[in-house]
Amino acid sequence: MKSVCFVFLLLSILTVSHPAFATLGFEGEDGYRLWLKYGPITNTSANKVYKSYLQHIKLRSQSKTAAIVQQELRLAATGLLNIQPNFGSINSKLVIAPKAQLIANELWLLPYLNDIGDEGFVIKDKEGVIFISANSDIGLLYGTFHFIRLLQNMQPIENLSIVQKPKVKLRMLNHWDDLNRHAERGYAGQSIFDWHKLPDYKEQRYYDYARANASIGINGVVPINVNSDSLILTPKYLKKVKALADIFRPYGIKIYLSLKFSSPQQLGGLATSDPLNKEVQQWWQQKTNQIYSLIPDFGGYLVKANSEGQPGPGDYGRTHAQGANMLAKTLQGFGGVVLWRAFVYNQNSNTERSLQAYNEFVPLDGKFAQNVSIQVKNGPIDFQPREPFSPLFGATPETSLAMEFQITQEYLGFSTHLAYLGTMYKETLMADTHVLGKGSTVSKVIDGSLHNNSLTAMAGVANIGSDRNWTGHIFGQANWYVFGRLAWDHELTAEDIAKEWIAMTLTTKGSASAKILSMMMHSREYVVDYMTPLGLHHLMDTGHHFGPGPWVNNLGRDDWNPTYYHRADAKGIGLNRTSSGTNGVSQYARYWQKRFSDPSTTPQELLLWFHHLDWDYLMPNGITLWQALAHHYDKGVAGVAQMQATWSSLQGEIEPNQFKQVAMSLSIQLKEAKWWRDACMLYFQSISKRPFPESFEPPKQNLEYFRSLQHPYAPGQG
Ligand code: GCW
């Protein structure tokens, strides 16, 4: 009885001082508001100027999207400037109007609207009045978010002259979320999509999610896993999909669905799902018609076929093109598209895995329908901390290629490792394929300019879940953010985007912001160093992919084993992909073939991707490969320790809740970085038989210990 009373007393005290129990010990900003928190602008002169523009706003449109524009400006003005804007006043210094609503003395804006399509926007100053205009209300929304971003970053807004349109048409998030809310490779809780309660229960999160996406220009969402469930195509589930589509529409976001290629059998009771079978074709046409009757702006289908056990046209001796075109045909009349994934590797093939996608898709170039794009992962294997660009980029001039990046950190430490992926995305986008000579960058393949392809797309495998802070790690938000910003404009730099994000999410103070920027810009390289330096790859443990497992050599397929990729033996380490090995180099343009064939001209960070080299191979700086390996592993760990020290020095400058979350994650990251270093170095030493360099701190545990670790409940398993 006594203890019950005590608990009651304690609860009442807590309720008084902390009306929301959830904030116990973690008061304040918890990350839910992402980069849209609109914290007060304390700089008095900027504040004064901004106020003069936001006090009176003229918004000339009445659509649902326009209501979002108005709401956003209200939120920004209240949060940033502590004012309530007055909409509708005549003497506005901020005018927001679509093309159709421009009045006579604003027609000077028209020429700027000619070339910006439906999603572009113009922000122009004329005689002290700022005009935001566009051809559609979605353009106005994008323009408004851009304008607010300038304020959040305390940029000057006098004499603005901005004309923008996205460089890529479809800017999409792919959720690998199952209908039971498990998120495959998701590390931020459950799926945000609560299929059980849809369509009637419309979570506030769906709106907040759409708003965050719109703020960075994301215009397409695939809410379910590419390892799809045919249930999603049943009438019951399509109503749920429609509910989401209706919520997302005013934010400029279309819904696409992952589908299971065998659905005609599973749902339709047909005897086959052969894409050349008439009944199968009819079944898909009816299904597509049914979807469009519910969702008139449905985006289309995303397909993983004949990959990792998924059904596909190959089951009937048909090609990827025959499968994709059959679906594409059903969508043509509606303006929908098929995104057909190139992530395929055949279990009956002995060809080295990194070569297989190219081998399957290049011969099909020119055979795909106009509304099909082939969605290619950035590297030829599978979202490793570092891979060279996929040789498919640039190799299919007649076929649209879409980029698939992974935002969720399946191979980069899940949601407890700080790894800013902006630098990684840029590395691939800026890579020069040389297929049409110098300057044939991957970004030009993706934006269609290299081969004049008009269907352009970039997809990011989402890191979003039900965690309060959305992504598990506060810095995971930056990866969602940078993905969207680069899909809009791949010419932006990873550094500039990081700066924006820091100012909007963490702090606008110069010195703190510079320290955080430096952490972010180095962070991905630290991960590469403590996990897979010098071009090593696929060293992770089985299934869950959590932690190191370089010793694993007993899986059902050769190419699931880390030993297949590192090939460490008494002589040396690395996978020989030159002409004396698997000849992976032959899939690249001549320029790269030559360079990748010779270890001395192979970029050092990809050395062991392309070469098997002696442990005593001399690196350009005079140390042996074995010593260099140890050095990199150490450097990665030291980098994390450095990030931890930097972050500690920011205590008091960052909101306490955000600060604590990151501090806790960094201590996990440091522990796990050491784990990776020690486990990998001990394992490689058991083969190389070389002593650790003197500078290398001897591991505290032995190899057997690391091999014995089990993680049956690691999150996100497939
Ligand atoms: O990276 C691998 C993942 C699988 C994933 C697959 C794919 C959705 O481990 O979980 O399946 O790639 O991209 O299809």
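Listed by first and then second residue, the pairs with beta-carbon distance under 9 Å, at least 6 apart or on different chains, first residue in the stretch 455-470 and farther than 12 Å from TYR32 by Cα and within 15 Å of the ligand (Cβ to nearest atom), second outside any loop (DSSP other than H, G, I, E, B) and basic (Lys, Arg), are ALA459/ARG171; GLY460/ARG171. If you filter the stretch 470-493 down to residues that are open to solvent by 10 Å² or more (accessible area, probe 1.4 Å) and assigned to a helix (DSSP H, G or I), you find that the one that is farthest from VAL338 (Cα to Cα) is ARG485. Only one entry in PRO712, PRO693, PRO699 is exposed (fewer than 15 other Cβ atoms within 10 Å of the Cβ) and more than 26 Å from the chain's Cα centre (by Cα), namely PRO712. Exactly one residue out of LYS671, LYS700 is assigned to a helix (DSSP H, G or I) and either free of Cβ contacts under 8 Å to residues at least 24 places away in the same chain or not assigned by TED's automatic domain parsing to the domain that holds GLU387 (or both), and it is LYS671. Only residues that are in contact with a Phe, Trp or Tyr (Cβ under 8 Å, 6 or more places away or on another chain), open to solvent by 20 Å² or more (accessible area, probe 1.4 Å) and under 14 Å from ILE57 (Cα atoms) were counted in the stretch 75-104, giving 3. For the stretch 453-469, the criterion of being assigned to a helix (DSSP H, G or I) and either farther than 21 Å from PHE343 by Cβ or not assigned by TED's automatic domain parsing to the domain that holds LEU151 (or both) is met by none of the residues. Among the residues of the stretch 539-568, those that are within 19 Å of GLU605 (Cβ to Cβ) and open to solvent by 10 Å² or more (accessible area, probe 1.4 Å) comprise MET540, ARG567, ALA568. What tally of residues in the stretch 182-215 results from selecting those that are within 16 Å of the ligand (Cβ to nearest atom) and either assigned to a helix (DSSP H, G or I) or open to solvent by 40 Å² or more (accessible area, probe 1.4 Å) (or both)? Residues flagged as within 16 Å of the ligand (Cβ to nearest atom) and either assigned to a helix (DSSP H, G or I) or open to solvent by 40 Å² or more (accessible area, probe 1.4 Å) (or both) within the stretch 182-215 amount to 1. Does THR396 satisfy being open to solvent by less than 30 Å² (accessible area, probe 1.4 Å) and either in contact with an Asp or Glu (Cβ under 6 Å, 6 or more places away or on another chain) or more than 16 Å from the ligand (Cβ to nearest atom) (or both)? Here the answer is yes, as THR396 does meet what is asked.
Any residue that is open to solvent by 10 Å² or more (accessible area, probe 1.4 Å), in a helix (DSSP H, G or I) and within 21 Å of GLY143 (Cβ to Cβ) - is there at least one of those in the stretch 216-237? No, because not a single residue in the stretch 216-237 is open to solvent by 10 Å² or more (accessible area, probe 1.4 Å), in a helix (DSSP H, G or I) and within 21 Å of GLY143 (Cβ to Cβ). Only a single criterion out of (1) in contact with a Phe, Trp or Tyr (Cβ under 8 Å, 6 or more places away or on another chain); (2) under 24 Å from SER695 (Cα atoms); (3) buried (at least 21 other Cβ atoms within 10 Å of the Cβ) is not satisfied by GLN669, namely (1).
Each row is one residue, and each column tells you yes or no for (1) farther than 17 Å from PHE261 by Cα; (2) more than 16 Å from the ligand (Cβ to nearest atom); (3) open to solvent by 20 Å² or more (accessible area, probe 1.4 Å).
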site	(1), (2), (3)
PRO313	no, yes, no
GLY317	no, yes, yes
GLN322	no, yes, yes
LYS329	no, yes, yes
ARG341	no, no, no
SER354	yes, no, no
ASN378	yes, no, no
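If I filter the stretch 142-158 for residues that are surrounded by fewer than 18 Cβ atoms within 10 Å (Cβ to Cβ), modelled with pLDDT under 95 and more than 30 Å from GLY716 (Cβ to Cβ), do I get at least one hit? Looking for residues that are surrounded by fewer than 18 Cβ atoms within 10 Å (Cβ to Cβ), modelled with pLDDT under 95 and more than 30 Å from GLY716 (Cβ to Cβ), one finds at least one in the stretch 142-158, hence yes.
Against the conditions (1) part of a helix (DSSP H, G or I); (2) open to solvent by less than 40 Å² (accessible area, probe 1.4 Å); (3) among the charged types (D, E, K, R); (4) at pLDDT 95 or above, ARG577 satisfies every one except (1). In the stretch 378-396, the residues that are hydroxyl-bearing (Ser, Thr, Tyr) reach residues that are within 15 Å of the ligand (Cβ to nearest atom) and modelled with pLDDT of 95 or more with C-beta atoms within less than 8 angstrom, at least six apart or across chains, in these pairs: SER390/ALA342; SER390/ALA357; SER390/VAL376; SER390/LYS377; SER390/ASN378; SER390/GLY379; SER390/PRO380; THR396/ILE374. All told, LYS509 meets the bar of being open to solvent by 10 Å² or more (accessible area, probe 1.4 Å) and either farther than 27 Å from VAL585 by Cα or touching a Leu at 6+ places or on another chain (Cβ under 9 Å) (or both).
Evaluate the following for HIS175: is it surrounded by fewer than 21 Cβ atoms within 10 Å (Cβ to Cβ) and either in contact with a Ser or Thr (Cβ under 9 Å, 6 or more places away or on another chain) or aliphatic (A, V, I, L, M) (or both)? Judged against the criteria, HIS175 is not a match. Flag: TYR420 matches the condition of being assigned to a loop (DSSP other than H, G, I, E, B), under 14 Å from the mean Cα position of the chain (by Cα) and either surrounded by fewer than 21 Cβ atoms within 10 Å (Cβ to Cβ) or away from the ligand (no atom under 16 Å from the Cβ) (or both). Taking every residue in the stretch 336-348 that is closer than 13 Å to ILE381 by Cα and pairing it with any residue that is of a type in the set (Phe, Trp, Tyr) and more than 10 Å from the ligand (Cβ to nearest atom), at least 6 positions away or on another chain, the pairs with Cβ-Cβ distances below 6 Å are ALA342/PHE361. Looking at (1) at negative phi; (2) surrounded by fewer than 20 Cβ atoms within 10 Å (Cβ to Cβ), which is the only condition ALA402 fails? Going through the list (1) at negative phi; (2) surrounded by fewer than 20 Cβ atoms within 10 Å (Cβ to Cβ), ALA402 breaks only (2).
May I ask you to verify whether VAL435 is within 23 Å of PHE343 (Cα to Cα), open to solvent by 30 Å² or more (accessible area, probe 1.4 Å), modelled with pLDDT of 95 or more and hydrophobic (A, V, I, L, M, F, W, C)? Taking the combined requirement at face value, the residue satisfies it.
The values are calculated or read from the model by the stated rules, or taken from the named source; none is laboratory data. What you see is a predicted model, and the numbers here were worked out from it, not measured in a lab. Every residue, glycine as well, gets a Cβ built from its backbone with ideal geometry; the counts of neighbours run over all protein chains shown. Heads up: the accessible areas ignore ligands, DNA and RNA and are worked out on the full protein's heavy atoms, side chains in. Shrake-Rupley method; radii C 1.70, N 1.55, O 1.52, S 1.80 Å.
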